[in-house]
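This report concerns only the one structure given below.
The values are calculated or read from the model by the stated rules, or taken from the named source; none is laboratory data. Everything numeric in this text was worked out from a predicted model, so none of it was measured. In this analysis, Cβ positions are derived from the backbone assuming ideal geometry, glycine residues included, and neighbour counts consider all displayed protein chains.
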Amino acid sequence: MKGTYDKAFENVIRLRVMSVLMVNEFFDFNSFKEIMDVTDGNLATHLRKLENEGFIGVQKTFIGRKPQTNYRATEEGKLAFQKHLDFLSALINENNI
Amino acid sequence: MKKPEQELAEIKSMMERSTRFLSLSGMAGILAGIYAFAGAGIAWYWVYFPSTEYGLGIEPYSMDDLRIYLLAVAVVVLILAIGTTYLLSQNKSKRTSQQFWSAASKRFLVALFLPVLVGGLFCFALIHESSYGLIAPATLIFYGLGLISASHFTLREIRNLGLGQILLGLIGAFFPPLGLVCWAMGFGVLHVVYGSMMYYRYDR
């Protein structure tokens, strides 16, 4: 069977974060919060987990005077997520036969 | 584990919702503000000059003429503003090598122009009913609503710009003699302020 089911994406918040980072070069903490409707702590925990896996990178910048925490997907993260997607598609195809 | 179909749908919806139209040019905002301010100046001159300070006096033109002149100025300002924004934003998207026509930019346009279009039709109704004093506030309010709905799909500053327009629109609606002044503040000054803010933050 193609692809691998990655435990890192089992949680829906991590799955969403990764989906967003597949199509956006950067995404900041507050935008994640806004789009996903999660609490600060919850989001931070899952972001750190993805960071520890080496799937996302963090970068702190300033917009005017406001600090902003930007996230981006690493090559490794993109590859792992792609495999996860392949697995899901394969699973669907298999069930449909 | 959830059903794989659900999971894929979730991923797809997240990807769609998170992409924003980021090519909106700050410089275009500044220029649009300047056109609007110039347009408002011309309108002020035609409507209120020579006249009392509140503009409730002699009218140098007949009502019919004035109506056509004002409509013409409004249309010219609108075309110039949209044209400039289109060209400069396209330019910016080339410079930052982002796609100009994308799902995000289309959603942005629909969100912005649905309220604006309704507002435009509403203004024709106001002309039809001879409620001229409410036209300027109505354009501000509908444009502000459009900006707020479009702000989900583009740079954040747009949301506050929209709130500002609505506030000025409401002030103008309750004090019709201030209508044109509010219009010049909203479409002119606010555009320049937010345009420069966006220019300094994102365009350079």
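For every residue, the table says whether it meets (1) modelled with pLDDT under 90; (2) among the hydrophobic types (A, V, I, L, M, F, W, C).
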{"site": "A:VAL17", "(1), (2)": "no, yes"}
{"site": "A:SER31", "(1), (2)": "yes, no"}
{"site": "A:GLU34", "(1), (2)": "yes, no"}
{"site": "A:PHE62", "(1), (2)": "yes, yes"}
{"site": "A:LYS66", "(1), (2)": "yes, no"}
{"site": "A:ALA73", "(1), (2)": "no, yes"}
{"site": "A:LEU88", "(1), (2)": "yes, yes"}
Task: Near pairs, Cβ below 6 angstrom, 6+ apart or cross-chain, from the stretch B:13-26 (surrounded by 18 or more Cβ atoms within 10 Å (Cβ to Cβ)) to any residue that is at pLDDT below 80 and of a type in the set (S, T, N, Q) - done: B:SER23/B:GLN98
Open item on the list: Consider the stretch A:28-77. How many of its residues are outside any strand (DSSP E or B) and free of Cβ contacts under 8 Å to residues at least 24 places away in the same chain?
Closed with: 20
Task: Among (1) touching a helix residue (DSSP H, G or I) at 6+ places or on another chain (Cβ under 8 Å); (2) at pLDDT 85 or above - the single one A:THR45 does not satisfy - done: (1)
TODO: Out of A:PHE55, A:PHE87, A:PHE81, report the one residue that is under 18 Å from A:TYR5 (Cβ atoms) and in contact with a strand residue (DSSP E or B) (Cβ under 7 Å, 6 or more places away or on another chain).
DONE: A:PHE55
TODO: Confirm whether A:LEU21 is away from chain B (no Cβ under 11 Å), out of contact with any Pro (no Cβ under 8 Å at 6 or more places or on another chain) and not in a loop (DSSP other than H, G, I, E, B).
DONE: no
Task: B:TYR143 being touching a residue at least 60 places away in the same chain (Cβ under 8 Å), part of a helix (DSSP H, G or I) and not basic (Lys, Arg) - done: no
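For the stretch B:96-111, give me each residue that is closer than 21 Å to B:ARG201 by Cα and outside any helix (DSSP H, G or I).
Hits for the stretch B:96-111 are B:THR96, B:SER97, B:GLN98, B:GLN99, B:PHE100.
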Open item on the list: Looking at the structure I just gave you, is B:SER151 modelled with pLDDT under 95 and not in a helix (DSSP H, G or I)?
Closed with: no
- [ ] Could you list, in sequence order, all residues of the stretch A:35-65 that are surrounded by 13 or more Cβ atoms within 10 Å (Cβ to Cβ) and either charged (D, E, K, R) or within 13 Å of chain B (Cβ to nearest Cβ) (or both)?
- [x] A:ILE35, A:MET36, A:VAL38, A:LYS49, A:GLU51, A:GLU53
- [ ] Considering only the stretch B:186-203, state which residues are among the charged types (D, E, K, R) and either more than 13 Å from chain A (Cβ to nearest Cβ) or surrounded by 21 or more Cβ atoms within 10 Å (Cβ to Cβ) (or both).
- [x] B:ASP203
TODO: Kindly establish whether B:SER93 is in a helix (DSSP H, G or I) and of a type in the set (Ser, Thr, Tyr).
DONE: yes
Open item on the list: Checking the condition loosely packed, with under 13 Cβ neighbours inside 10 Å and under 20 Å from B:GLU10 (Cα atoms), which residue from A:ASN93, A:ASN24, A:ASN11 passes?
Closed with: A:ASN93
TODO: Taking only the stretch B:1-20 into account, find how many residues are closer than 29 Å to B:LEU155 by Cα and either more than 7 Å from chain A (Cβ to nearest Cβ) or not in a helix (DSSP H, G or I) (or both).
DONE: 6
Task: The one condition in (1) exposed (fewer than 15 other Cβ atoms within 10 Å of the Cβ); (2) modelled with pLDDT of 85 or more that B:TYR35 fails to fulfil - done: (1)
